[in-house]
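Written out below as structure tokens is the structure these notes cover.
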Amino acid sequence: MPAAPAESPADKICRNAAVVGALSLLPVPLVDLWLQGRVLRALYEGIARDHEITLEESVLDVLTGFRGSYMMGCLSGVLWLPIKMLFRKIIYVFAVKDAFDSCVDAGLRAEMLRRALRAGALPAEADAVRTLMDQSLRRHGGSPVWGAVAGHAPVAALQGATGLSKAVAGLAQRGRGAAVLARFDEGLAQVGAPAPAPATAPVAAPAPPPAPVP
């Protein structure tokens, strides 16, 4: 029996991104975030192995760890649960939006990780890469629920062979994924670059010796 063809990087990223999005629908606060982090961690390790690079646990902590106020995240998760139960129908729309947002976020982050590995920025510049990921998504990304395909470039890096990959790539296009990746590429070129040397004042040429007195 012939072996199944190897999964392409785009298909692998989109498959795991879809899992991350689906996990956001779990009604248990914090458990969804923990499971999403585990999926991303395994995905990042697999992408790094494809590039023959090993990411240490400390590097994975930086790339996948929760940034922000952990206590506020716990509190908001606990308070949000009864609201979901009371207004299930209304909140369902926002839950679906959160699932789509999480799917696009995971897919774009994995693609940014792949580009950082190719550029040689990881594992040495993990903190700078994570910060650049966050900034690129926050400043240039958007929700695929409110976005439209028209006017936004397709995200070619996520267009795999499966129907799931095409669906995730379409969501990423609505979420302005091409602009996010373009901004990340610009910032990645500066990660690890040596700082420019300070400007120094030009050294004046020595004055010519005085002419001899006749």
message: Keeping all protein chains in the complex and leaving out DNA, RNA and ligands, what accessible area do you get for CYS103 with a 1.4 Å probe, in Å² to the nearest 10?
response: 10
task: For ARG139 and ASP185, compute 0.36 nm times the residue count separating them, minus their Cα-Cα distance, and round to one decimal in nm.
output: 15.1 nm
query: ASP61 accessible area, nearest 10 Å², 1.4 Å probe?
result: 80
- prompt: Counting only protein chains, not ligands or nucleic acids, how are ARG49, ARG67 ordered by accessible area (probe 1.4 Å), most first?
  reply: ARG49, ARG67
message: Quick check: with the 1.4 Å probe, what order do VAL155, VAL93 take by accessible area, largest first?
response: VAL93, VAL155
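When only the heavy atoms of the protein chains count and the probe is 1.4 Å, how do THR162, THR54, THR64 rank by accessible area, highest first?
Highest to lowest solvent-accessible surface, that is THR54, THR162, THR64.
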field: Accessible area of LEU122 in the full protein assembly, 1.4 Å probe (Å², nearest 10)
entry: 10
message: Per residue of the stretch 182-187, what does 6.51 cos²θ - 1.76 cosθ + 1.60 with θ = phi - 60° give for ³J(HN,Hα)? Whole Hz please, x for Gly and Pro, Karplus curve as stated.
response: 5, 5, 5, 4, 5, x
field: Amide H contacts under 5 Å for VAL155, placed H, 5+ residues apart
entry: GLN173
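The values are calculated or read from the model by the stated rules, or taken from the named source; none is laboratory data. Since the structure is predicted, the reported quantities are computational estimates derived from the model, not experimental observations. These area figures cover heavy atoms from the full protein model, side chains too; ligands, DNA and RNA do not enter into them. Shrake-Rupley method; radii C 1.70, N 1.55, O 1.52, S 1.80 Å.
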